[in-house]
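The values are calculated or read from the model by the stated rules, or taken from the named source; none is laboratory data. These numbers come from a predicted model, not from an experiment. A quick note on method: Cβ atoms are made from the backbone with ideal geometry, for glycine too, and the neighbour counts reach across all protein chains shown. In case anyone asks, the SASA skips ligands and DNA or RNA and just uses the protein heavy atoms, side chains included. Shrake-Rupley method; radii C 1.70, N 1.55, O 1.52, S 1.80 Å.
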Amino acid sequence: MIAGMPGTGISGLLYLIIAIQMHIEDFYFTLIRKNSLKRLPVVKHHLFITAGIIIGMFATGWFIALIIPVVISQNLSVPINFNIKNNVIQINPFIFSLATLIGVYIGVHVLRIIVKQRKAE
Amino acid sequence: MASQLTVMVPAYNEKVSIEDTIRSLKMQTVQAKEIIIIDDCSTDGTGDIASSMGVTVLRPPSNTGSKAGAQNFALKTVQTEFTMAIDADTTLAPDAIEKLLLSFDDPKLAASCGFVIPRYVITLWERGRYIEYLLAFTWYKPIQDYFEKPLISSGCFSMYRTNILKENGGWPEGTLAEDMDLTWSFYEKGYKVRFIPEAVCYPIEPHSYHFMSKQLRRWSHGFVQNVMLHWKGILEIPYLRSFIAVSLWDAVFASIVYLFVLPILAILFASPILLIGYVIDIPVVLVPVLFKAIERKEVWLALMSLPSFFVLRTVNGFFLLEALYTELLIKKTFLVYEKGH
């Protein structure tokens with residue numbers, strides 16, 4: 001079974017960050033010659049997928065930035081000077097998602113500390 | 001190692017698929033010592049079909065009411081070092097058992113699971129599930145496995161170290177997602193679980209909304225029930241706690257966005273362009289899916305099935321919200337086990 005909503009929200013971001021962590025870890029292990037052959041194919045595959053997702057996200061942002069002014073202008077039949085940056089999903093939504101993810105992460109740890117303290121009492 | 005394996009297949013009215021399942025088990029590169037079909041008081045002759053194929057058939061005195069119940073009924077008889085459970089509507093790649101067995105080189109490994117791909121990809125629901133599985137088993141699960149915390153050892157095809165399984169009391173019967181319950185119990189007791197992508201299984205997925213809704217209801221309630229049951233223990237398990245926390249967060253907020261925020265905003269602002277929000281994360285879905293589809297030479301099938309995934313995901317949001325409301329807010333536990341096909 002699959003838990004939650006695949007592909008959406010902060011789950012997507014978490015897995016992207018953890019995948020990057022995996023590549024950094026693996027690079028470090030390679031440097032100190034402690035590479036795990038068992039996991040090598042997974043890391044190699046995921047390097048391509050991670051890169052593809054990041055490129056894909058920017059391409060989507062670029063595409064949306066391109067079509068939104070056209071669609072809205074057509075709907076309104078009025079030429080409007082839109083101030084949409086080249087890539088609408090470049091930074092702001094990313095920062096918002098990252099902040100949410102950090103918030104959830106902190107929330108989990110706060111909960112963990114509270115439970116631990118209650119157990120100790 | 002093969003002589004140390006018992007395969008169990010819980011079955012309730014599975015006359016259409018049980019033959020394929022048994023045949024696929026008999027064609028494995030590594031043969032199990034015993035194949036046990038647990039005929040959970042079927043009324044369609046499932047047990048007779050299984051008997052005619054030369055496998056052991058066990059029949060409880062009355063219907064056990066769940067897959068976990070049927071499996072536990074047979075577990076008492078298992079004497080081998082390893083136990084494998086496979087659904088009665090699932091077939092295996094010829095080397096699937098061999099691949100899973102090879103993973104048990106660590107005595108702390110309690111369970112191992114494989115890659116799941118729907119056997120039939122025809123209807124909207126099967127297509128949605130096909131994309132969901134390609135995404136999850138190509139992108140999420142290997143990352144979870146790298147950090148030694150696969151979220152679930154899938155109930156449709158998993159292998160277990162029998163003594164650890166018995167020490168756990170078999171498959172838990174208190175929630176609707178016994179596979180998730182068991183996996184998280186293993187972690188809480190300090191055991192490991194692995195995901196082996198080379199071991200492939202092919203279950204029959206719900207082909208219509210009627211059956212898909214039953215499965216989604218069971219899975220959603222099972223997820224919420226397990227979070228409620230295990231949350232304190234999970235907080236001490238790195239990575240797993242993060243995987244579950246974000247899944248739960250998205251179950252709430254992504255569902256609200258899909259079901260209410262996006263359509264309401266689109267109507268309020270009379271702007272259908274806002275509905276692009278339903279597919280804004282398409283690269284996160286498409287890249288891993290295409291990666292696997294190219295390997296399986298199924299690119300066209302994957303591209304044609306992609307829209308179905310977004311439909312399934314939105315419908316899934318409804319069942320997740322319903323489960324959260326029922327289990328968490330009004331504290332009504334849903335424990336009726338309904339088959340998804």
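Only one of (1) within 14 Å of another protein chain (Cβ to nearest Cβ); (2) farther than 20 Å from B:S305 by Cβ; (3) charged (D, E, K, R) fails for B:K141. Which number is that? Only one criterion is unmet by B:K141, namely (2).
Can you find a residue in the range B:313-326 that is within 12 Å of another protein chain (Cβ to nearest Cβ) and open to solvent by 50 Å² or more (accessible area, probe 1.4 Å)? Checked the range B:313-326: at least one residue is within 12 Å of another protein chain (Cβ to nearest Cβ) and open to solvent by 50 Å² or more (accessible area, probe 1.4 Å).
Listed by position, the strands (runs of 3 or more DSSP E) inside the range B:1-117 whose residues that are touching a residue at least 60 places away in the same chain (Cβ under 8 Å) and open to solvent by 10 Å² or more (accessible area, probe 1.4 Å) number at least 2 are B:90-92. Report whether or not B:A199 is more than 22 Å from B:A302 (Cα to Cα) and open to solvent by less than 10 Å² (accessible area, probe 1.4 Å). The answer is no for B:A199. Annotation note: Cβ proximity below 8 Å between a residue of the range B:238-249 that is facing chain A (nearest Cβ under 7 Å) and touching a residue at least 40 places away in the same chain (Cβ under 8 Å) and a residue that is assigned to a helix (DSSP H, G or I) and not hydrophobic (A, V, I, L, M, F, W, C) (sequence gap 6+ or interchain) occurs for B:S247/A:S11. Scoring B:L248 on the criteria (1) modelled with pLDDT under 95; (2) over 24 Å from A:L16 (Cα atoms) leaves a single failure, condition (2). Against the test of being at pLDDT below 70 and closer than 30 Å to B:R194 by Cα, the options A:K44, A:K38 yield a single qualifying residue, A:K38.
Residues in the range B:211-221: is at least one more than 11 Å from chain A (Cβ to nearest Cβ) and without any contact (Cβ under 8 Å) to a residue 40 or more places away in the chain? No.
Within the range B:141-158, if we keep just the residues that are of a type in the set (G, A, S) and touching a Lys or Arg at 6+ places or on another chain (Cβ under 9 Å), the residue that is nearest to B:E178 (Cα to Cα) turns out to be B:G155.
Assess whether B:P150 counts as being in contact (Cβ under 8 Å) with a residue 12 or more places away in the chain and more than 10 Å from chain A (Cβ to nearest Cβ). So B:P150 passes the test.
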